[in-house]
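Below is one structure, written out as C-alpha cells; the observations come after it.
The values are calculated or read from the model by the stated rules, or taken from the named source; none is laboratory data. No experiment lies behind these values; they were computed from the predicted model shown. Positions of Cβ are generated from backbone atoms using ideal geometry, with glycine treated the same way; all protein chains shown enter the neighbour counts. All accessible areas refer to the heavy atoms of the entire protein, side chains included, with ligands and DNA or RNA removed. Shrake-Rupley method; radii C 1.70, N 1.55, O 1.52, S 1.80 Å.
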Amino acid sequence: MSPLDIKELPFSSKARICWGFFWRGIVITLGSALCGGLLGGVAGFILGFAGLPTAAPAVGGVLGAICGAFFLYLFVRWLLSSRLGSFRLALVHADEKI
C-alpha cells in the first residue's frame, strides 16, 4: 500500500472524497435525528402517561445521546468500508511507518 498526500491529488479527486463524506454525513444526520426524535417521543409519552413528565427531558437527552453515538459509529464504519471516488480509507497502526 502506498500512502497518498491529499495535497497532491487533482481537484476532481478531492471533490469526490469530500462529496463522499458529505452525503453520507447528511444521511447519518437525518437517520440519527429521526431515530432520536422517535425514541424521545416514545419515552416522553410513556413517562407522561406514568405521571413522570418532569423526567422526560433528561431521559430524552440520554436516549438522544446514545442514538447519536450509535449513528456516529455507523458513520465511521460506513466510511471505512466505502469507496470515496477511486479511493478507500484504510486504518494503519500508528506505530507503522508509512
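General remarks:
- Hits in segment 65-79 (condition: under 19 Å from A43 (Cα atoms) and of a type in the set (A, V, I, L, M)): A65, I66, A69
For every residue, the table says whether it meets (1) under 26 Å from W19 (Cα atoms); (2) without any contact (Cβ under 8 Å) to a residue 24 or more places away in the chain.
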residue: A43; (1), (2): no, yes
residue: L52; (1), (2): no, yes
residue: A56; (1), (2): no, yes
residue: G68; (1), (2): yes, no
residue: R77; (1), (2): yes, yes
residue: L80; (1), (2): yes, yes
residue: F87; (1), (2): yes, no
residue: H93; (1), (2): no, yes
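- Residue within segment 43-60 that is assigned to a helix (DSSP H, G or I), under 19 Å from V76 (Cα atoms) and of a type outside the set (F, W, Y) present: no
- Filtering segment 19-42 to residues that are open to solvent by less than 70 Å² (accessible area, probe 1.4 Å) and among the hydroxyl-bearing types (S, T, Y) leaves only S32.
- Within segment 1-31, the residues that satisfy the criterion of being among the hydrophobic types (A, V, I, L, M, F, W, C), at pLDDT 90 or above, within 22 Å of V92 (Cα to Cα) and assigned to a helix (DSSP H, G or I) are I17, C18, F21.
- The set of residues in segment 44-85 being touching a Ser or Thr at 6+ places or on another chain (Cβ under 7 Å) and either closer than 17 Å to A33 by Cα or open to solvent by 50 Å² or more (accessible area, probe 1.4 Å) (or both) consists of C67, G68, F71.
- Within segment 86-98, restricting attention to residues that are open to solvent by 90 Å² or more (accessible area, probe 1.4 Å) and not acidic (D, E), the residue that is modelled with the highest pLDDT is R88.
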